[in-house]
Amino acid sequence: MDRLAYASMSGMRTAMARQAATANNLANANTVGFRADIATASALWAMGTGLNSRALSSEEVVAADMRGGAISETGRTLDVALQDDAMLAVQAEDGEEAYTRRGDLKITETGLLINGDGTPVLGEGGPITLPPHDSLTIDAQGMISIVPEGGDPKTPQEIDRLKLASPAGSRIVKGMDGLFRVRGGGALPADPDARLVSGALEGSNVNTSQALVEMIEASRAWETQVKMLATAKDIDTDAAQLMRLPD
């Protein structure tokens, strides 16, 4: 009966992991530039002496759905929507360079440019810091221009360029913080052909209807495995009673 118990327990682990990934996608259905997690299952064999005949299922997030989300105009100067496969370079909490599609930019009190989740945005020379200004524009190539306080609106000054990179030809992975990194370390070079749309934002690419269906399927799979485990227990109890010697 242990094979049936192993199969049931493995199915329960897979259903739980699938529910967790789907719940995370649903929770970020309205997050700017979010890319849905893609989870897959693999076999984990119970190693030991003799024949390896028992395996558990390991479900983990292995990739992200890189399809683009819907772009909507906001009219806000600091909102940018990245086009095609371009990604915005940011500085992760560990200090390493990472990448995101989230373009709802903000300026802190110290002038540091960050995106909606508080991550510093990188330019050609590192994190971008903006001086006090009367107006600001970001062009399609990511160049940031400002009119200094009291300056002439007809002569804006170029401050820095957003670092836009393309993952084409490189393998990137999505971290637990939602940021993308180059597999094995390193950084992507700036892509001179990358473009963005100023005054617009890209929404999440999560299909909420499909995610809800996947959540229901995972819940039913869990219930099925619970019933299977109960059946294995009943069979084991009946077999023990059959083997019991009469008094």
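The values are calculated or read from the model by the stated rules, or taken from the named source; none is laboratory data. From a predicted model like this one, the values you see are computed outputs, not experimental measurements. Using ideal geometry, Cβ is built from the backbone for each residue, glycine included, and neighbour counts are taken over all protein chains shown. We work out accessible area using only protein heavy atoms, side chains counted, and drop any ligands, DNA or RNA first. Shrake-Rupley method; radii C 1.70, N 1.55, O 1.52, S 1.80 Å.
Structure summary
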| quantity | calculated |
| --- | --- |
| Cut-off under 5 Å, modelled amide H: who pairs with Leu162 long-range | Met143, Ile144 |
| log₁₀ of I(q)/I(0) at q = 0.11 Å⁻¹ - the chain, Debye sum with one point per alpha carbon | -0.70 |
| Degrees, to the nearest 10: 2-27 long Cα axis against longest axis of the chain | 20 degrees |
| Convex hull per residue volume in Å³, alpha carbons only, for segment 138-244 | 224 Å³ |
| Accessible area per residue in Å² at 1.4 Å probe, computed on segment 66-164 | 52 Å² |
| Neighbour-limited loop hits for trypsin sites (Lys or Arg not before Pro), segment 65-122 (at most 15 other Cβ within 10 Å; DSSP other than H, G, I, E, B) | Arg67, Arg76 |
| Top positive-direction residue, dipole computed over the chain with Cβ charges, set Gly185, Ala81, Gly95 | Gly185 |
| Inter-label distance for Arg195 and Asp65, nm, one decimal - labels placed 7 Å from Cα along Cα-to-Cβ | 2.7 nm |
| Degrees separating the helix 208-243 axis from the principal Cα axis of the chain, which is the longest one | 20 degrees |
| Ordering of 160-169, 189-198 by packing [mean C-beta count within 10 Å, highest first] | 160-169, 189-198 |
| Residue-wise HN-Hα coupling along segment 118-124, computed from phi with Karplus coefficients 6.51, -1.76, 1.60 (Hz; x: Gly, Pro) | x, 8, x, 8, 9, x, 5 |
| HN-Hα J in Hz across segment 94-109 - Karplus 6.51, -1.76, 1.60, θ = phi - 60°, x for Gly and Pro | 7, x, 7, 7, 9, 9, 8, 9, 7, x, 8, 7, 9, 10, 6, 4 |
| Formal net charge of residues neighbouring Gly142 (Cβ-Cβ distance under 12 Å; K, R +1; D, E -1) | -3 |
| Rough spin-label spacing in nm, given labels placed 7 Å along Cα→Cβ, for Glu223 and Ser170 | 4.7 nm |
| Potential extension, Met243-Ile216 segment - 0.36 nm per residue separation minus Cα distance | 5.6 nm |
| Most positive-pole-ward Cα, Ala165, Ile138, Ser209, against dipole of segment 109-210 from beta carbon charges | Ser209 |
